[in-house]
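Student: Here it is: the structure, laid out below.
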Amino acid sequence: MVSDNVIHELEAIVGQENLLTTPEERWCYAYDATDLAQMPDAVVFPGSAAEICQIVKLANQYGFPVTPRGAGTGRSGGSVPIQGGVVLVLTRLNRILEISKEDLVAVVEPGVILGRLKAAVEAQGLYYPPDPSSADFCTIGGNVAECAGGAVAVQYGVTRDYVLGLTVVLPTGELIEAGTRTMKGVVGYDLTRLFLGSEGTLGVITRIILKLVSKPAARQTLAAAFADLTAAASAVSQILTSGLAPTALEFMDRATLECVRELLPFPLPAAAAALLLIAVDGQPHDVEERAGRMAQFCGHAGADPVIRARSLPEAEQLWQARKVISPALKKVRPLKVSEDVVVPIGAIPRLISALQEISRRRGLPIHSYGHAGDGNIHVNVLYDPKVAREREAVAATVQEILAVVRKLRGTLSGEHGIGLTKAPYLGMELSPAAIALQRRLKQAFDPNNIMNPGKIFPATGSGLD
Ligand code: LAC
Ligand code: ZN
């Protein structure tokens with residue numbers, strides 16, 4: 001697909017040292033955090049927006065796909081170059097251009113590692129809240145392209161709530177600016193929001209203007225163990241309707257807990273069937289009181305024990321255990337389909353009991369954990385690909401789960417995007433007219449379909465589109 005001629009032209013744009021062509025090197029950029037992979041024909045590391053414009057123009061001229069990529073931590077196959085072509089890695093664009101305490105704004109390039117950005121902002125007494133589990137290695141550009149969420153979204157919202165403006169190389173090669181460097185702005189259509197979560201299909205983000213907030217004065221973390229999942233779900237609902245405004249309200253089921261138990265800073269009873277992890281931000285005296293009342297709610301709902309983190313390292317250890325859940329589930333089965341469905345918060349208990357029933361009936365382990373505070377539950381269907389019965393049961397199980405979610409008036413994806421893994425199911429949520437409009441938008445941006453093709457929209461003829 002990518003001729004020698006194109007390789008030479010790419011080399012002339014980025015330089016030999018920023019171009020990978022051997023199979024061994026290209027393979028490193030074939031996959032993301034799903035189990036999907038596809039070998040690209042070439043990998044480039046552009047050093048500027050101008051170089052990206054040139055590469056994209058070349059793609060239109062020769063008709064090869066371009067797949068933008070940050071750190072490859074995505075969970076729906078968004079950066080897997082499914083049709084081959086060129087993977088465009090944005091990690092060289094990694095400057096923090098500005099952190100303005102006066103304006104509460106940061107201007108950054110897409111390849112900045114989120115954890116580095118958060119630390120730089122916090123060093124100035126400010127806070128950039130979104131905190132997906134991959135914060136230590138994902139890039140801010142990937143966060144914007146996928147509209148990443150994370151645990152503190154309950155209080156602070158998701159990536160989209162912090163992006164004021166973007167600079168983007170369009171799929172046709174022009175560089176545009178969308179949005180503003182101000183807190184408000186309604187000039188023209190809201191293109192910034194359109195790019196948020198567009199999964200690299202509408203352009204390459206080259207600069208991001210972020211809104212910052214003040215760093216919370218204090219944070220309390222507590223953990224509550226429950227003997228059954230329903231009691232935990234009822235505590236979640238009481239806390240959310242109590243007006244106590246949790247910052248994070250995470251849960252994990254028994255099997256999930258087993259995978260990370262030894263990473264927790266304190267022992268838990270063997271009978272624990274669910275764990276809630278709660279964070280509360282605010283002024284020191286205020287967080288004390290709110291955390292205390294939340295602990296009481298948990299106790300009344302049957303939690304035993306309810307433990308408050310006594311120190312920052314202990315709280316850190318708790319959150320670290322939470323962050324490594326996804327890889328830790330490999331202890332149960334080598335592979336998993338990892339969903340990120342969202343249901344209305346009142347429907348969480350019904351979702352949980354439906355999952356337990358589906359798991360029993362279909363004979364597949366289904367483990368759930370995640371952002372109970374906003375109804376965003378990571379439902380993991382685990383299987384061993386070597387066991388035919390398990391392998392063959394996966395697709396129907398996933399589809400049944402998504403159907404339950406839709407019935408509960410939920411959504412297929414809260415933070416990981418559609419990418420490849422959920423594309424066949426798009427029609428379970430969007431009407432044919434809505435999908436047709438979105439396809440027309442894609443076409444208006446990318447008439448030659450060179451920008452991350454094959455994502456979001458179901459392949460025609462899949463039966464579900
Ligand atoms: C998490 C990722 C899987 O919440 O979204 O851990
Ligand atoms: Zn998550």
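Just so you know, all these numbers are worked out from the coordinates, no wet-lab data involved. Small disclaimer: the values here were computed from a predicted structure and weren't measured. Positions of Cβ are generated from backbone atoms using ideal geometry, with glycine treated the same way; all protein chains shown enter the neighbour counts.
Student: Please report the net charge: other residues with Cβ closer than 12 Å to the Cβ of residue 130, K and R +1, D and E -1.
Tutor: Net local charge, residue 130 excluded: -1.
Student: Magnitude of the Cβ-charge dipole of the range 343-465, K/R +1 and D/E -1, about the Cα centre, nearest 20 debye?
Tutor: With only Lys, Arg, Asp and Glu charged at Cβ, the dipole is about 200 debye.
Student: Going through the cross-link list 101/211; 323/407; 330/407; 118/336, which pairs have a Cα-Cα distance over 19 Å in this structure?
Tutor: Cα-Cα > 19 Å for 323/407; 330/407; 118/336; rest within.
Student: Which one of 173, 152, 231 is farthest out on the positive end of the charge dipole of the range 137-246, using unit charges on Cβ (Lys, Arg +1; Asp, Glu -1) and the Cα centre as origin?
Tutor: Result: 152, furthest along the dipole toward the positive end.
Student: Any chance you could give the angle, 0 to 90 degrees and rounded to 10, that helix 49-62 forms with the longest Cα principal axis of the chain?
Tutor: 70
Student: A further question on this structure: Take the alpha carbon gyration tensor of the range 294-352, find the square roots of its eigenvalues, order them as a ≥ b ≥ c, and report rounded if a/c is under 1.5; if not, report prolate when a/b exceeds b/c, else oblate.
Tutor: Because a/c hits 1.5 or more and a/b fails to exceed b/c, the range 294-352 counts as oblate.
Student: Still on this structure: What is the helix-to-structure angle for 229-240, meaning the angle in degrees between its Cα long axis and the longest Cα principal axis of the chain, kept from 0 to 90 and rounded to the nearest 10?
Tutor: Value to nearest ten degrees: 80.
Student: Could you tell me how many degrees, from 0 to 90 and to the nearest 10, lie between the Cα long axis of helix 4-14 and the main elongation axis, the longest principal axis, of the Cα atoms of the chain?
Tutor: Helix 4-14 and the main axis of the chain meet at about 70 degrees.
Student: Could you please report the charge total around residue 67, scoring K, R as +1 and D, E as -1 over all other residues with beta-carbon less than 14 angstrom from its beta-carbon?
Tutor: So the environment of residue 67 carries a net charge of -2.
Student: Defining a contact as two alpha carbons under 8 Å apart and six or more residues distant in sequence, what relative contact order in percent does the chain show?
Tutor: 15
Student: Given contacts defined as C-alpha pairs under 8 Å and at least six residues apart, what's the relative contact order of the range 121-271, whole-number percent?
Tutor: Reported as a whole number, the value is 26 percent.
Student: Could you state the number of Å between the C-alpha centres of the range 1-79 and the range 240-305?
Tutor: That distance is 44 Å.
Student: Based on DSSP H runs of at least 4 residues, each adding -39500 (n - 2.57), what is the mean residue ellipticity at 222 nm of the chain after dividing by all its residues, to the nearest 500 deg cm²/dmol?
Tutor: Rounded to the nearest 500, it is -10000 deg cm²/dmol.
Student: Also: In the range 270-344, which trypsin sites (Lys or Arg not before Pro) fall in coil by DSSP and have 13 or fewer other Cβ atoms within 10 Å?
Tutor: 310
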